[in-house]
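J.: Please see the structure below; I have some questions.
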Amino acid sequence: MADITAAMVKELRERTGLGMMECKKALVAAGGDIEAAIEEMRKSGQAKAAKKAGRTAAEGVILVKSADDQSRAVMVEVNCETDFVARDDGFRAFADRVAEQAFATGQTDVAALMEGELETARQALVQKIGENIGVRRIAALESAGLVGSYVHGNQRNGVLVGVSEGSAELAKDLAMHVAASSPLVVSPEDVPEDLVAKEREIYTAQAQDSGKPAEIIAKMVEGRLRKYMEEVSLLRQPFVKDPDQRVADLVKAAGAEVSSFVRFEVGEGIEKEETDFAAEVMAQARGEA
């Protein structure tokens, strides 16, 4: 029997969208023949899940699970293809199960979390609902103080914020602010160097069109760069519930510090496919979809 390598399992997983264990079992049964394994997966009923695995899943929900003492929390993004399914009770129950398991195990690696029962449940749900469904990402945050959390009412946007000292209300307010204002970092010093370099390059190109002397251009660029770094920094932003107060002042007044934050928004960064509805209907009529 042929040796089943990790590369073979990875290829089969990428081509079918099924779990690692399912792929390995299929390869063992097929003697290492990937094409034969795919054929058997289709025959066994896994075909529906495999066929849908390549479709874009950019809708879904964000869920948060927190410890009673707010010392830690996890946040997950679970995706589907349509907003309609994102409101489905079965989909919501599956997403909640994923979040509970992530919180219980502390596992943030999606592939590791989805081995076994969760992957079986995902495949069953794909076949029942008829859409591609996947767990996209998991974040975990711990704090010696508090981990504040906020999930917007539509569950499309969620935040975790680590705060030392301060109250639970402060932690929640900060999480709500991050959800609304989308900062990139805690403070200006945290802006990545590559991002700073990219913005400097853009501002320089823009300033050069002004025809001003080089030394003036340099000052213009640095001024714009400082402004940009403040705008994307949580502590320098006007507090969303009181725009006359900066977040830094709010935190300082509470004798607290913000250690870190994580913000998820459903589907961010996923390139959605443009669908030709008429062509899709025709394909379904011909039995191609």
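The values are calculated or read from the model by the stated rules, or taken from the named source; none is laboratory data. Not measured: the values here are computed from a predicted model. With ideal geometry, Cβ positions are generated from the backbone for all residues, glycine too; neighbour counts draw on all protein chains shown. Quick note on the areas: whole protein, heavy atoms, side chains included, nothing else; ligands and nucleic acids left out. Shrake-Rupley method; radii C 1.70, N 1.55, O 1.52, S 1.80 Å.
Rundown of residues vs (1) aliphatic (A, V, I, L, M); (2) assigned to a loop (DSSP other than H, G, I, E, B); (3) modelled with pLDDT under 95, yes/no style:
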{"site": "249", "(1), (2), (3)": "no, no, no"}
{"site": "267", "(1), (2), (3)": "no, yes, yes"}
{"site": "270", "(1), (2), (3)": "yes, yes, yes"}
{"site": "282", "(1), (2), (3)": "yes, no, yes"}
{"site": "287", "(1), (2), (3)": "no, yes, yes"}
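J.: What number of residues within segment 2-26 are open to solvent by 70 Å² or more (accessible area, probe 1.4 Å), at pLDDT below 85 and within 17 Å of residue 116 (Cα to Cα)?
T.: Adding up the residues that qualify gives 4.
J.: Another one. Give segment 142-164 a look and list any residue that's open to solvent by 20 Å² or more (accessible area, probe 1.4 Å) and not hydroxyl-bearing (Ser, Thr, Tyr), or say none. Before you say what the answer is, go through the steps one by one.
T.: From segment 142-164, those open to solvent by 20 Å² or more (accessible area, probe 1.4 Å) are 142-146, 149-157, 164; that's our starting set.
Scanning segment 142-164 gives 142, 144, 145, 146, 151, 152, 153, 154, 155, 156, 157.
J.: What are the residue pairs meeting all of these: first residue in segment 194-210, first residue in contact (Cβ under 8 Å) with a residue 60 or more places away in the chain and farther than 9 Å from residue 221 by Cα, second residue open to solvent by 50 Å² or more (accessible area, probe 1.4 Å) and part of a helix (DSSP H, G or I), Cβ atoms under 7 Å, and 6 or more apart or on different chains?
T.: If the second residue must be open to solvent by 50 Å² or more (accessible area, probe 1.4 Å) and part of a helix (DSSP H, G or I), no pairs are left.
J.: In segment 97-120, what count of residues is obtained for those that are in a helix (DSSP H, G or I) and open to solvent by less than 20 Å² (accessible area, probe 1.4 Å)? Lay out the reasoning, then the answer.
T.: As a first pass, look at segment 97-120 and keep what is in a helix (DSSP H, G or I): 97-105, 110-113, 117-120.
Retained after the next criterion (residues that are open to solvent by less than 20 Å² (accessible area, probe 1.4 Å)): 98-99, 102, 113, 118-119.
Selection size over segment 97-120: 6.
J.: Can you go through 57, 50 and tell me which one is surrounded by 16 or more Cβ atoms within 10 Å (Cβ to Cβ), at pLDDT below 90 and assigned to a loop (DSSP other than H, G, I, E, B)?
T.: Values: 50 fails: assigned to a loop (DSSP other than H, G, I, E, B).
Result of the check over 57, 50: 57.
J.: Follow-up question, since we're still on this one. Residue check, residue 123 against (1) at pLDDT below 95; (2) open to solvent by less than 20 Å² (accessible area, probe 1.4 Å); (3) not in a helix (DSSP H, G or I), all met but one. Which one?
T.: (3)
J.: Now for a different question. I'd like the full set of residues that are of a type in the set (Asp, Glu) and closer than 28 Å to residue 257 by Cβ, limited to segment 104-157.
T.: Start the filter on segment 104-157 by keeping residues that are of a type in the set (Asp, Glu), which leaves 109, 115, 117, 119, 131, 142.
Across segment 104-157, the qualifying residue is only 142.
J.: Then there is this: For segment 67-96, which residues satisfy the criterion of being buried (at least 16 other Cβ atoms within 10 Å of the Cβ) and assigned to a helix (DSSP H, G or I)?
T.: 85, 86, 91, 92, 94, 95, listed by residue number.
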